[in-house]
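Please read the structure below before turning to the comments.
The values are calculated or read from the model by the stated rules, or taken from the named source; none is laboratory data. Predicted model only: the values in this text are computed from it and were never measured. Glycine also receives a Cβ, built like all others from the backbone with ideal geometry; neighbour counts cover every protein chain displayed.
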Amino acid sequence: MSVACLRFPAGLPKAGLRALGEACLRFSSQVALRGEEAVFVETGGSRLLYGEARLRAGLGALGRRFAGAAPARFGWGAHAGEALALARHGAEGTPRERWPLEALHAYASPFTPDEAVARAVDALCAGLRGLGLTDLGGFLALPERGWGGRFGADAALLRERLGGRLLMGWPRFEPDPRLEECAEFLEESEGAADPDPAAFVFLLQSLCSRLSARLRGRALRASGLRLRIGLERVRGVPDAADRVLGVELAVPVAEPTGLRRILGERLAADLAARPLGRRPVRLTVEATSTVPGFHPQRDAFDRREEEVESRDTLLARLAQRLGDDAVFYARIRARHGAEWTWTRRAPPATPAEEADLGRASLAARGAVPAVPRPTRLTRLPLPLLRAGDWLLYFGGSGKGRRWRALDWEGPERVDGLWWMASGAGAEGAPPVDRDYWRVRTEGGMDLWVFCRQGEEARAGALWLRGWWS
Amino acid sequence: MAYAELMARSNCSFLRGASHPEELVDRAAALGYSGLALADKDGVYGLAKAHLRARSHPGFKLVCGAEVALEEGDARGGLVLLARDRTGWALLCRLLTLSHAGRPKGSAGLAWGDFAAAVAAHPGRGALLALPRGAGLGEGFLEGAPGGPPGAHARLLGLFGEGLRVPVGRFLDGLDARRTAAARALCAGLGLRPVAVGDVHYHEPGRRRLHDALVCVREKVPLAEAGWALSGNSERHLREPGRLEALFADWPEAFEGAARAAGECSFSLDELRYRYPTEWVPRGRGALPHLARLALEGARRRYPNGVPREVHRQLAHELRVVGRLGHADYFLTIHELVAFARSRRILCQGRGSAANSALCWCLGITAVDPVRSGLLFERFMSEERGEPPDIDVDFEHERREEVLQHLYGRYGRDRAAMVAAVIRYRPRLARADLARALGDAPGLEGLVAEVQDFPRHLSIHSGGFVLSDGPLIDCVPVEPARMEGRSVVQWDKYDLDTLGMMKVDVLALGMLSALRRALDLLGMEDLAQIPPEEPDTYAMIARGDTLGVFQIESRAQMNMLGRLRPERFYDLVIEVAIVRPGPIVGRMVHPYLRRRKGEEPVTYEHPALERILGRTLGVPLFQEQVMRIAVELAGFSPGEADELRRAISSWRADGRFAALRERLERGLEASGLSPGFRKRLFDEIRGFAEYGFPESHAASFALLVYAGAWIKSAHPAVFACALLNAQPLGFYAPHSLVDDAKRHGVEVRAPSLLEPAWDCRLEGGVLLLGWRTVAGVSEARARGLEAQARERPFSGPADFVRRAGLPGAVLRRLALAGAFACFGLDERAALWGLLALEALAPAEGVGGQLGLDLEPAGEAAPELGRPDAFEGVRLEYEAWGLSTRGHPMRTLRALQPRPCPPLARIKAEGVHGSRVRADGMLIVRQRPGTAKGVVFATLEDESGLLDLVLWRDVHARLAPVLEAHSFLRAGGVLQRDRDSVSVLVGSLEPLRGAEGGVRARSHDWR
């Protein structure tokens, strides 16, 4: 066996390492990765096919392409551990016996960083240093008899590995499957130069159904989508790039109708703004990013997941139309100031989080206030004029209202939400110093009004903040 | 109409109130309240302070109370109890004591049954007002809580009768109507009287933020998550009576009821008549005559050649004062305590101002002759001051527990308890706690400043004991401390002073333990047998060779010794006192040193000044000297002079000194003292506002300084052995003590495996280290080894390993430190053998499988070589924190390019102002508060120590090197002042070869 190791001392992002691993598959079907540090390629058979020099050159070129400025170090060995040890500690021509004791880490666990193994090797190295040993040569020179007794079974195993025996199994690298569905336009009418968006519907429906099935089968939801329209190549005309549309979903979706509608709306808007100008030949739908979905095993009689998916689809479409600021999930908080009793939260990702949205959990968390709060709040406080028993609101465009006050319950003084000063935290709300009253009116409606403490109170200024319906 | 607040909590409820008791009293008085009831949660922690402040508001009534937590099943409620008279107070104290007994800290509470039984059985049940917390007043009372039994108020009515009131609050929180309806129903149903309450948690609305933050600290949640734990508004402050009256306009009976209820509570803490234990007075004899007899007997022992007339006079004067103030029993109690300690051969000595008393000297409590030393009794006690005396006694730190248990045994848990110490917020803790509470909210620094000095939690005073003639719990509640076996009163030493309750301080001093051990090794009975005024001892002290000597071993002290060069006992008194913030800030140090060196003439403007200041060369170094100047030259009485001293001590805190200064100024002027002298004197007095030693205290410590120095000078092996066996104590780590002993010619050997012993010992002048120095071995394990070796000596390494039962890590360290050399094994051979053992369980018969040399039968060890010199030292440090082979610098020096000479040579031969380089191991890093950012450090090598000085900008540049490395080369300019040598550092670099090297403890930043 012969193994090459490309090691990146500065580390390579995981996505980059996986891409490199995928590229190495052209040289060998046996590729393995180690975290963000290294790629192993089994070259025993490939050497016969490509020749060693070409292999080295090819792997080297790949390493440079993917690492960019970060240099890669090479190591060739009889097995992965030796290759990694050389890439870490060896220099060309340095005999193995001169490698430091730390090289044992590579032999112990070449493929997967393992804290327990690392600690064991560190302890072994500390023990060896206590004996005055500093390199693998000293380690190998120790008498074999009693080795396991002195240093343990793991150390004995390590010694065997140094001799090329009892090697670890090869964890084969498999590139990530793409969640992508593709179909070609077969009918002339489908592939007109400036097709009607409706022409895409049939194809889109089929693609979204298949993609949805794949997502659900993996218990995933799509949080990012990509729609690619492959365009016709015409001889003598410069190639037109494929039309690519990306969609980020604030609310992840796996349901096929939802996927179709979201993509369809996005496509229609894009085609209206920028006609294709060329005949489409291929349509590809891909889930570019995913999040965990609900139950991997669907209960056919449980409609809850369908309801949740329908809700999420609706929210996702609304968010696409109105923006993430206008459509979001909120968490109730126990706060005296009624306007600040919610905060933005992430969409529920698990059934437990889903249940947490329910009212029962609010009571359990003590979030329900002791003093009743109105069922409706105005978007902004509305100024009221008090005339005797009457409360008058002069809204624009004939939207004025008036109420006759029968009873004033209160005041409830709410002040000192000082720790919510503007700029502090997500709410960014100013402090509140208000006296609230619940006003029973002649029409049976209860209003929630306030006046600000201090000047306004003395002047009698009132504001409408909400009502009970 | 008058109003009194009946439900107020201060910050002495520990994170449940946001105002000091004094602030509450001041604010209530300013608003025109007729009174205020301070009812802190689970205790009376703030009452003494409130009581003291209330004295400055004549006509203002402080009602004494507390809130007790009651429990029944899962229900829990708070009950505020206010004392109407002395018996009510006694019952309250007992209830609070009961509520803490057997409970974890912070969870005091009384089961309803226990509570009811205690109240029903006590004569004070009718002397308490009871106000149960209801809905909206915090923790709802029992019947308000889910699952609580009905009729809790009816049961309380049965216990307290007309003393039960229904508190009604109006907090504008939307629940006032509900709360009022419930209160009306109770009053109507049970015929109870309502009282308006403010449920005050802070004195003004501006404290609300701090209160919210403290709630979050207590509940361990950030503000954003605190929810309903925070109030919706700031109404729980002391509101104006007019506003309250308007709020209660619909129920004036409740409003009026508050002041009326406060008027029923006549109890004041001034009524607490505290009596000291009296059992030491023989039957038929009074305390004072008995004390006088003991004093005379003691005087005859102190003066075997005849008691001088001035001593008789002084004793008579002191006994008169003691008699007038009624403190004879106190002295008798201390005398008994000291006598007990002496009977057990526990070294002890009174410290502080008690050394000013001839009575204490003759009773054997203190060790300094105040008459011969010219010390002023009024510094300790005076009729003008009228405060109880405060005697602190140091005991050997290893045996102090015997003394404490003696007190508990003698007086019982109901008559003896320790004094509380309130741990208060300081900037670092405040910032940490409040930052967690605030999260992203603004205003952290403002709140940190506001919360300074706020009580955080209750702890124990280091040694203060309150003893009483009758049950202590009738005067003050007692609660268990966190430390097992300790109980503590709910007042700190300042509160006890306010209320005239005396305490005795049973303190621990490590040096006394070390001296006891040294005396035992020398076959001496006590310190009196040590030859006084030995020239060799003073010569050693003057050289600054005082590592390990109590009080004069720090870097700053050694530096001063080289300049001051003590020659006699009083020089030591000055040495102990002069290196303190007080003399430094008062700029007394340099004038004194100049005069001592003869660089400045010693002159006195008045003959009396020569008498008073002669021993300090005309520079006032002690507060007592200022007192004597005031008495002899400004016409102050001794008591007034003591008041002057206290005014000086509290210079910054209050303006008392300003008034007395004028009088002092006039008196000195009338005595003919020049404006220049007076100005210098007042500049020096300013220094006494900082920390400084009383002369008597310095003298007491100087006795121990001399004793330790004599032992070190004459018997360095004994000194080192005693110090090591008394660890932990002192400024330096054991490795420095051992290296210092070696410099004094002491041979030091590693702990023995063949003859293991916990303590270090001496054999033929050789210091054999004990197993207390071995890392990872407990005393119990070491003593077990000792016993095993005595029973049957270890026959070889395998026998030792098998029988010792030591952990593998310890065995490995011992092996690598060469401990197995006694069995003929070098370091690595021993380790090689040990490694074979660790995988073999004892059950497998280790002994049968191993030969004497730890090798499995038939197997030879490989050639592993031996550690080099530095590695050998390093391995010893790993095993026992020091090295017997040599100082690490001895080997490291050879590895350096252009090695530097040893530190002793640099110190001996270096010229002031010359550039030097010095290599050494860093053993001290300091940044004293008075040094304005200057950093001091100390290097050590096998020859001695050398001080380094880094100016602030230099330290800023070199801090990473100074803090990260232990072995350094310092470059700079040598500074010499007589025998005091230091290097003003300009460069620092780590030494080569020391990476991953010796891990030596150092004295850092303290």
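Applying the criterion of being surrounded by 18 or more Cβ atoms within 10 Å (Cβ to Cβ) and within 43 Å of the chain's Cα centre (by Cα) to the residues of region A:110-151, the residue that is nearest to the other protein chains (Cβ to nearest Cβ) is A:Leu124. Given the structure, is A:Asp176 under 41 Å from the mean Cα position of the chain (by Cα), in a loop (DSSP other than H, G, I, E, B), more than 10 Å from every other protein chain (Cβ to nearest Cβ) and under 23 Å from A:Ala38 (Cα atoms)? In short, yes.
Taken over region B:204-252, the criterion of being of a type in the set (Lys, Arg) and farther than 20 Å from B:Ala183 by Cβ is satisfied by B:Arg207, B:Arg208, B:Arg209, B:Arg218, B:Lys220. Say whether the condition of being in contact (Cβ under 8 Å) with a residue 24 or more places away in the chain, within 14 Å of chain A (Cβ to nearest Cβ) and aliphatic (A, V, I, L, M) is met by at least one residue in region B:403-418. No, region B:403-418 contains no residue that is in contact (Cβ under 8 Å) with a residue 24 or more places away in the chain, within 14 Å of chain A (Cβ to nearest Cβ) and aliphatic (A, V, I, L, M).
Please go through region B:50-65 and pick out each residue that is part of a loop (DSSP other than H, G, I, E, B) and more than 21 Å from B:Asp199 (Cβ to Cβ).
The first filter runs over region B:50-65 and keeps only residues part of a loop (DSSP other than H, G, I, E, B), leaving B:55-60.
Selection gives B:Arg55, B:Ser56, B:His57, B:Pro58, B:Gly59.
Any residue that is surrounded by fewer than 17 Cβ atoms within 10 Å (Cβ to Cβ), touching a strand residue (DSSP E or B) at 6+ places or on another chain (Cβ under 7 Å) and part of a loop (DSSP other than H, G, I, E, B) - is there at least one of those in region A:158-166? Looking for residues that are surrounded by fewer than 17 Cβ atoms within 10 Å (Cβ to Cβ), touching a strand residue (DSSP E or B) at 6+ places or on another chain (Cβ under 7 Å) and part of a loop (DSSP other than H, G, I, E, B), one finds none in region A:158-166, hence no.
Residue count for region A:1-23 under the criterion of being in contact with a strand residue (DSSP E or B) (Cβ under 9 Å, 6 or more places away or on another chain), surrounded by fewer than 17 Cβ atoms within 10 Å (Cβ to Cβ) and assigned to a loop (DSSP other than H, G, I, E, B): the result is 2. Filtering region B:192-232 down to residues that are within 14 Å of another protein chain (Cβ to nearest Cβ), touching a strand residue (DSSP E or B) at 6+ places or on another chain (Cβ under 6 Å) and crowded, with 22+ Cβ neighbours inside 10 Å, which residue is farthest from B:Val168 (Cα to Cα)? Filtering region B:192-232 for residues that are within 14 Å of another protein chain (Cβ to nearest Cβ), touching a strand residue (DSSP E or B) at 6+ places or on another chain (Cβ under 6 Å) and crowded, with 22+ Cβ neighbours inside 10 Å, the one farthest from B:Val168 (Cα to Cα) comes out as B:His211. Annotation: B:Arg866 fulfils all but one of (1) within 14 Å of chain A (Cβ to nearest Cβ); (2) at positive phi; (3) basic (Lys, Arg); the unmet one is (2).
Is it fair to say A:Arg88 is among the charged types (D, E, K, R), surrounded by 13 or more Cβ atoms within 10 Å (Cβ to Cβ) and out of contact with any Pro (no Cβ under 7 Å at 6 or more places or on another chain)? Step through it out loud before you land on a result.
Values: among the charged types (D, E, K, R): yes; surrounded by 13 or more Cβ atoms within 10 Å (Cβ to Cβ): yes; out of contact with any Pro (no Cβ under 7 Å at 6 or more places or on another chain): yes.
So A:Arg88 fits the description; yes.
Out of the helices (runs of 4 or more DSSP H) lying entirely within region B:430-531, which hold 2 or more residues that are more than 30 Å from B:Gly708 (Cα to Cα) and assigned by TED's automatic domain parsing to the domain that holds B:Asp329? Reasoning before the result, please.
Details: elements: B:444-450, B:493-498, B:510-522.
Per the criteria, B:493-498.
On inspection, B:Glu387 fails the criterion of being more than 14 Å from every other protein chain (Cβ to nearest Cβ), over 30 Å from B:Arg645 (Cα atoms) and part of a loop (DSSP other than H, G, I, E, B).
Residue under question is B:Ser674, and the condition is that it be within 24 Å of B:Pro370 (Cα to Cα), surrounded by fewer than 20 Cβ atoms within 10 Å (Cβ to Cβ) and polar (S, T, N, Q); does it hold? Before you say what the answer is, go through the steps one by one.
Working: within 24 Å of B:Pro370 (Cα to Cα): no; surrounded by fewer than 20 Cβ atoms within 10 Å (Cβ to Cβ): yes; polar (S, T, N, Q): yes.
Taking the combined requirement at face value, the residue does not satisfy it.
Out of contact with any Ser or Thr (no Cβ under 7 Å at 6 or more places or on another chain), hydroxyl-bearing (Ser, Thr, Tyr) and free of Cβ contacts under 8 Å to residues at least 24 places away in the same chain - does that describe any residue in region B:343-352? Within region B:343-352, one or more residues are out of contact with any Ser or Thr (no Cβ under 7 Å at 6 or more places or on another chain), hydroxyl-bearing (Ser, Thr, Tyr) and free of Cβ contacts under 8 Å to residues at least 24 places away in the same chain. Scan region B:434-455 and report the pairs whose first residue is under 15 Å from B:Asn11 (Cα atoms) and whose second residue is of a type in the set (S, T, N, Q), with Cβ atoms within less than 6 Å and a gap of 6+ or a chain change. Taking only residues 6 or more apart or on different chains, the pairs are B:Phe454/B:Asn11; B:Pro455/B:Asn11. In summary, B:Ala741 fulfils each of the numbered conditions (1) closer than 25 Å to B:Gly510 by Cβ; (2) touching a residue at least 40 places away in the same chain (Cβ under 8 Å) with the single exception of condition (2).
Out of all the residues in region B:814-828, which are more than 8 Å from every other protein chain (Cβ to nearest Cβ), surrounded by fewer than 24 Cβ atoms within 10 Å (Cβ to Cβ) and assigned to a helix (DSSP H, G or I)? B:Ala821, B:Cys822, B:Phe823 - these are the residues of region B:814-828 that are more than 8 Å from every other protein chain (Cβ to nearest Cβ), surrounded by fewer than 24 Cβ atoms within 10 Å (Cβ to Cβ) and assigned to a helix (DSSP H, G or I). Answer with yes or no whether B:Ala836 is modelled with pLDDT under 80, within 9 Å of chain A (Cβ to nearest Cβ), buried (at least 20 other Cβ atoms within 10 Å of the Cβ) and over 48 Å from the mean Cα position of the chain (by Cα). So B:Ala836 fits the description; yes.
Restricting the first member to region B:166-191 and to residues that are more than 13 Å from chain A (Cβ to nearest Cβ) and at positive phi, and the second to residues that are outside any loop (DSSP other than H, G, I, E, B) and surrounded by 15 or more Cβ atoms within 10 Å (Cβ to Cβ), the beta-carbon pairs closer than 9 Å and six or more apart or on different chains are B:Gly191/B:Leu157.
Per-residue answers, yes or no, for (1) in a loop (DSSP other than H, G, I, E, B); (2) at pLDDT 85 or above; (3) crowded, with 18+ Cβ neighbours inside 10 Å:
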position	(1), (2), (3)
A:Glu181	no, yes, yes
A:Leu204	no, yes, yes
A:Ser223	no, yes, yes
A:Ile229	no, yes, yes
A:Val234	yes, no, no
A:Leu245	no, yes, no
A:Leu249	no, yes, yes
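Taking the criterion of being assigned to a helix (DSSP H, G or I) and among the β-branched types (Val, Ile, Thr), would at least one residue in region B:593-606 satisfy it? Within region B:593-606, none of the residues are assigned to a helix (DSSP H, G or I) and among the β-branched types (Val, Ile, Thr).
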